[in-house]
Amino acid sequence: MEQIRIRGGTPLCGEAAIQGSKNAALPMMAAALLHKGTSVLLGCPRIADVFCMEKILQSLGAATWWEGNNLHLDCQSADGFQVPAAYAKEMRSSVILLGALLGRQGKGRIGYPGGCIIGKRPIDLHLQTLQALGAKIFETDEAIVASCPKIKGCHIYFPSVSVGATEQGMLAAVLGEGTTCLHNCAKEPEIQWLQKFLNQMGASVTGAGTENISIHGVKALKDTRFSVPPDRIVAGTYLCAAAITRGRITLKNCPAKELTAFLLAYQKMGGQYVEKNGTLLADASRIAFPIVELTTAVYPGFPTDLQSPLMAVLATIPGQSHLIENIFEDRYKTVREFLRMGADIQVRGRDAWINGRKCLHGANVTAKELRGGAALVLAGLAAHGETIISGRQYIDRGYENICRDILRLGGNISE
Ligand code: EPZ
């Protein structure tokens, strides 16, 4: 079960539907804690990180159940305030539960968050945000303890852009007193979806998608049912699968409008696509051009989560491409595995130079984190011979069923 086997060399040609977004669903699950009632997330991805967040909510007293891909969260009795360290260290998103716990009951205790090893991943911006809102925070060796009888609205200026810290501030302020204004916010679609979800629950949040978000505190929230948006990173990953095999695929439920920077890069390589009413038809048969230089950036720039998948594609395009990873300081861990497959890539700090070559060869490789693991699947689809990927548990954190989807797209893959 822990391995994925791929026989490469076949251009993809098939159709798949895009799952719900991991990075939209997780903050929505934390937001559900703010309401002493039931929230239903429709089309929620059945992935490891969501199951982990579900276990955390259950440990706090919530009742949760699934009906197909619809996740029901009844937080009526979720009055626990301690998040077990074992769960917290399973993923990064656990840290935003602190804001929701403070918002709901003025206290919270949480183990240090885990998550993919793509850099130090500090949480200083999260803690500074909560302190600015009036929380007292102290840290023990195993946990962060926060208390704040009442969150008081204020202005918060983020020194640097952070998706998680922006979500932290939004969640903590929803039930607070007065108005909180967050400045220098992240503009990712997931922030905009969180605002839509919170407002449907009865919150009063404006500005998501811009640098400035205002949250006017309300007394209580209400039951709601909300559709989780499709996952833009999964969609980008599958477009890279088409690109690396020079195939032609159809993606249903594809959030093309949230992939502008990626689609520009895809076209620069020679990829073509048409998009109509959420269905994207991609023709990657003419992919042949390296990318002279591309830097990952905060939204709407090129997403860091698609850097490794793009690198896999560039490894198969003759000529030199140059990537600069500007968000995380250690997001080239998968390069060493690409080299085992015959890729020619040099890394120095945040720079990676890829000398693409016509073909890679199959090898035994190991996934070390989520998006790098997905990139190894892509490389296996292009490689001659068989590639065996260990460490698939990392891939399952964010992809509901990558084998099912790649099979539907015409790939030769098995588990
Ligand atoms: C979110 O992580 C996503 N995760 C990541 O996706 C994504 O790569 C990242 O945003 C950037 O888009 C979820 O939404 C669950 P950040 P997050 O805070 O919030 C530094 C995936 O593969 N920073 O925007 O942790 C940080 O080290 C994952 O789905 C601080 O210095 O990212 C990084 O260099 C991987 N102090 C930069 O900011 C802090 O307190 C951006 O991180 C917080 C962050």
What about G153, is it touching a residue at least 60 places away in the same chain (Cβ under 8 Å), touching a strand residue (DSSP E or B) at 6+ places or on another chain (Cβ under 6 Å) and among the small types (G, A, S)? yes
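Might you check whether a residue that is over 27 Å from E90 (Cβ atoms), away from the ligand (no atom under 16 Å from the Cβ), touching a residue at least 40 places away in the same chain (Cβ under 8 Å) and not in a strand (DSSP E or B) occurs anywhere in the range 339-347?
Yes, there is a match, as at least one residue in the range 339-347 is over 27 Å from E90 (Cβ atoms), away from the ligand (no atom under 16 Å from the Cβ), touching a residue at least 40 places away in the same chain (Cβ under 8 Å) and not in a strand (DSSP E or B).
What tally of residues in the range 167-187 results from selecting those that are open to solvent by 20 Å² or more (accessible area, probe 1.4 Å), free of Cβ contacts under 8 Å to residues at least 60 places away in the same chain and in contact with an Asp or Glu (Cβ under 9 Å, 6 or more places away or on another chain)?
Residues flagged as open to solvent by 20 Å² or more (accessible area, probe 1.4 Å), free of Cβ contacts under 8 Å to residues at least 60 places away in the same chain and in contact with an Asp or Glu (Cβ under 9 Å, 6 or more places away or on another chain) within the range 167-187 amount to 2.
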Those residues that are part of a helix (DSSP H, G or I) and farther than 14 Å from G372 by Cα, I need them from the range 284-313; list them, please. none
State all residues of the range 319-338 that are open to solvent by 40 Å² or more (accessible area, probe 1.4 Å), closer than 25 Å to S160 by Cβ and either in contact with a strand residue (DSSP E or B) (Cβ under 7 Å, 6 or more places away or on another chain) or more than 16 Å from the ligand (Cβ to nearest atom) (or both); if no residue qualifies, say none. N326, I327
Return a yes/no flag: does the range 283-294 have any residue that is within 17 Å of the chain's Cα centre (by Cα) and open to solvent by less than 30 Å² (accessible area, probe 1.4 Å). no
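Just to confirm my filter: which helices (runs of 4 or more DSSP H) fall fully inside the range 178-270 and include at least 2 residues that are outside the structural domain of H126 (by TED's automatic domain parsing)?
In the range 178-270, the matching helices (runs of 4 or more DSSP H) lie at 232-245, 260-268.
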Which listed residue is under 21 Å from S308 (Cβ atoms), among the β-branched types (V, I, T) and surrounded by fewer than 24 Cβ atoms within 10 Å (Cβ to Cβ), from T210, T224, T250, T260: T260
Test: K22 is modelled with pLDDT of 95 or more and among the charged types (D, E, K, R): yes
Looking at the range 298-314, which of its residues are out of contact with any Leu (no Cβ under 8 Å at 6 or more places or on another chain) and either away from the ligand (no atom under 11 Å from the Cβ) or modelled with pLDDT under 95 (or both)? P300
Confirm whether G270 is small (G, A, S), surrounded by fewer than 19 Cβ atoms within 10 Å (Cβ to Cβ) and either more than 16 Å from the ligand (Cβ to nearest atom) or more than 23 Å from G372 (Cβ to Cβ) (or both). yes
Leading residue by the ranking (surrounded by the most Cβ atoms within 10 Å (Cβ to Cβ)) among those in the range 34-62 that are charged (D, E, K, R) and within 23 Å of Y394 (Cα to Cα): D49
List pairs: first residue in the range 92-118 and within 28 Å of L370 (Cα to Cα) and of a type in the set (F, W, Y), second residue part of a helix (DSSP H, G or I) and away from the ligand (no atom under 12 Å from the Cβ) anywhere in the structure, Cβ distance under 9 angstrom, at least six positions apart or on different chains. Y112/A85; Y112/A88
Within the range 350-409, count every residue that is part of a loop (DSSP other than H, G, I, E, B) and surrounded by fewer than 20 Cβ atoms within 10 Å (Cβ to Cβ). 8
What is the one condition in (1) more than 16 Å from the ligand (Cβ to nearest atom); (2) in contact with a helix residue (DSSP H, G or I) (Cβ under 6 Å, 6 or more places away or on another chain) that T206 does not satisfy? (2)
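The values are calculated or read from the model by the stated rules, or taken from the named source; none is laboratory data. Please read these numbers as outputs of a predicted model, since none were measured by experiment. Every residue, glycine among them, receives a Cβ derived from its backbone with ideal geometry; neighbour counts consider all protein chains shown. Quick note on the areas: whole protein, heavy atoms, side chains included, nothing else; ligands and nucleic acids left out. Shrake-Rupley method; radii C 1.70, N 1.55, O 1.52, S 1.80 Å.
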